[in-house]
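Where a number appears in this text, it was derived from the coordinates with a stated rule and is not lab data. As the structure is a prediction and not an experimental result, all values here were calculated from the model. Please note: Cβ atoms are built from the backbone with ideal geometry, for glycine as well, and neighbour counts cover all protein chains shown.
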Amino acid sequence: MQQSFRLAVSRGVLSHLTEVRIQDTTTRISINMRNQGNSFWALLLLLLFLAARPLSAEEMSSYYTLGRQQGLSSNCVYQMLQLRDGRMVVVTDVAVDIYDGRHFSSVAIDTTCWMPLPAYTGETHLFVDSTDRLWMKQRQRICSFDLRTMQQRADTLQNVDDFFIDARGESWLLHGTELHGNISKRVLHLPADAGALQDLEARGDSVYTFFSTGCLAVYQQDGQLSYLANAYGDDMRDLYTFTSLVVRGFDDCFYQVRTGTGGSILLSFDTRLRQWRQLLTSAKLMHTLTATPTGWLYLTTPDGYLRLHAATGEQESFSELHLPDGSTLSTGINTVWLDREGGIWLGTYNSGVLYTSPLSGLFDTRPIDIEVHPILTTIFLHGQPLVVGKDYDGHTLLDVTPPYADRLTFSHDENSLAFLFSTMNYVRPRSTCYRYRFSGDGGQWHTLSADSTERLVDDEGVFYLPLVGLSPGEYTLEVMATTNPHHWDSTHLRTIHFTIRHPWWQSPVAYLLYVLVVAAAVGGAFIIYRHRLQRKSREDMLLLRIQNLVEQVNQYEHTSTMVVLGEPETTSQTDTQPEPTQQEKDFMSRATQLVEQHLADPAYGVEQLAADLYMERTGLYKKLTALMQQPPVAFIRSIRLHRAADLLQNGDWTIAEIAEHTGFSSPSYFSKCFQKEFGCKPSEYSVK
């Protein structure tokens with residue numbers, strides 16, 4: 001931004017400088033030089049003077065323009081407001097725009113979302129509550145916008161006559177003559193004869209309510225009325241009843257502009273002395289008002305804007321504004337706002353936003369130390385800016401706008417990020433310095449500016465920080481900004497926490513599954529090994545039994561052959577049993593045949609066998625025990641089991657069928673007896 005001043009140069013600028021004259025509202029200097037050789041010293045003296053002297057208000061009358069070409073939704077501006085982080089809210093006739101120092105983001109005004117507000121009859125009035133919601137009142141209606149998501153809200157205010165938000169962000173709802181606070185839950189009972197409630201503000205624990213009659217009612221923390229104060233007498237009560245605009249001063253005062261049939265009046269109220277003071281009356285309409293820390297008040301009028309000092313009464317009027325393209329603007333100024341840098345923002349009906357600053361002089365090289373906040377304007381993922389609410393492979397990465405983002409989560413392959421910061425330093429953006437600390441590089445503070453070799457800060461004061469190839473884990477990024485590298489304000493620290501998730505195969509759950517799988521594999525291998533070991537042992541035992549059985553059969557066949565041939569049986573055994581008689585052999589053969597004939601009858605037992613052999617049960621028991629060394633029950637069961645073993649070897653029948661065929665009542669009982677007889681289960685015997 002260049003300073004506007006009157007500079008008269010005759011006979012050239014450098015080589016033929018003979019006279020320099022600087023004129024403004026406070027200073028007139030003439031430097032006459034007759035010698036051409038003194039031109040250098042004349043120019044040097046001029047530059048030193050311009051750099052050292054304070055700037056007048058007239059010298060600030062060169063403006064930058066922010067309009068539709070710079071991204072503003074419309075050049076018709078209704079109202080403006082500065083957010084806590086320094087961003088500017090600009091309300092136009094079609095949208096709400098927010099300027100972050102680099103560009104505008106907008107949300108269109110949906111007229112279907114307006115809610116009735118019957119007690120408010122003024123023009124556009126803006127509020128921001130403690131939840132970062134922007135409220136806009138306008139001629140008996142109200143709507144709200146969520147600044148975190150840049151979306152208009154379809155809220156419903158039930159039976160609300162008017163709506164206010166104080167400086168602490170608390171909302172107040174007017175119901176008839178009662179005012180309800182949504183945070184403190186206080187209920188204020190308004191005076192009956194004070195007129196219509198038009199404005200509300202808070203200072204400390206007190207609530208200040210301003211009425212259409214010029215009356216001020218102050219309430220204590222407990223909601224009780226503390227005192228009343230009237231701005232003027234009864235003769236003026238009806239002159240300024242139309243609208244009211246109250247702003248907090250940087251001293252102990254409130255400043256108020258009132259309009260009505262009598263024109264406009266500018267008032268101040270000293271909260272310490274509890275006194276009103278009339279600062280200015282005019283037949284012209286005063287639109288908006290803003291106050292500076294030095295006591296200057298700026299008011300917009302149909303003819304431009306006024307600059308008035310609250311303490312001394314000194315006034316300046318600006319009816320003609322110089323635009324960057326060389327043109328001038330003499331009408332159409334609607335609203336004014338003073339930012340934290342001391343810069344003036346003027347909203348116009350047809351030229352967008354005009355901006356100027358007392359620190360924007362062409363030859364002003366004084367160091368600046370203004371309050372700036374680091375504003376996160378954009379988050380990049382793999383070089384592309386994240387979009388609020390957009391679905392990224394099944395999940396939303398950003399659910400609020402970047403200035404409000406403080407906790408983010410990314411997948412393992414979303415690990416190349418970049419963060420873009422700006423400040424609202426319009427005066428000398430190149431003087432902006434940043435300090436950042438990132439937990440991923442050891443948590444050391446790094447200080448950067450446009451002169452740093454890293455070139456992370458450009459000449460416009462924009463800080464671009466790339467973080468590429470991050471490993472999974474938790475990270476914290478902290479950023480501060482300042483225009484004075486020797487002073488850093490940690491209260492404006494911007495902190496962002498974000499997480500790079502581990503891939504599913506590296507997550508704790510995955511590692512637990514790995515442990516379980518390995519344990520299951522080891523356990524399964526052990527069970528299989530033990531099963532095979534037991535099976536081999538059983539197979540070896542079964543093989544041994546079969547071998548013994550074969551030997552017994554061979555021996556029996558050999559013995560039978562020897563008996564048939566009448567040859568004595570030779571044996572190597574020293575202890576042999578006596579040879580059974582032919583009668584005993586016939587008896588055994590007859591008993592075996594009877595059992596085999598009734599093999600499938602489970603009821604065929606000792607009683608039936610004794611009857612078929614024409615013997616008593618006791619005699620049968622004695623004779624079988626003597627010949628076979630086993631009782632009749634074991635004898636019958638042994639024949640059944642050996643027949644079952646033969647059937648199992650053939651493999652044509654199932655175990656259940658064999659159990660039924662050999663006279664066992666159930667397969668389970670058959671398996672139990674078989675294992676006791678042969679040392680293995682029927683299923684194992686059949687496999688072998």
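Structure summary
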item	result
Ordering of 342-353, 289-300, 224-235 by packing [mean C-beta count within 10 Å, highest first]	342-353, 289-300, 224-235
Ellipsoid semi-axes in whole angstrom, largest first, where each is sqrt(5λ) of the Cα gyration tensor of segment 243-299	19, 13, 8
10 Å-binned pair-distance histogram of segment 402-447 (Cα, whole percent)	17, 41, 33, 8, 0
Environment charge of G461, counting only residues whose C-beta is closer than 10 Å and scoring Lys/Arg +1, Asp/Glu -1	0
Inter-label distance, nm, simple model (7 Å from Cα along the C-beta direction), T111/V509	5.1
Interatomic Cα distance distribution for segment 362-509, bins of 5 angstrom, percent	2, 9, 18, 21, 19, 13, 9, 5, 3, 1, 1, 0, 0
Inter-probe distance in nm under a simple model that places probes 7 Å from Cα toward Cβ, at H486 and L516	6.4
Equivalent ellipsoid semi-axes - Cα gyration tensor, segment 372-429, angstrom	25, 12, 9
Computed E for L225/Q158 - FRET, C-beta separation, R0 35 angstrom, nearest 0.05	0.85
Calculated diffusion of segment 284-341, Stokes-Einstein form, Kirkwood radius summed over Cα pairs, 4 °C and 1.567 mPa s, µm²/s	107
More than 22 Å apart - percent of Cα-Cα pairs taken over segment 82-238	45
Spacing of the two label points (7 Å from each Cα toward its C-beta) at H412 and E320, in nm	7.1
14 Å beta-carbon shell around V90, net charge (K/R +1, D/E -1)	-2
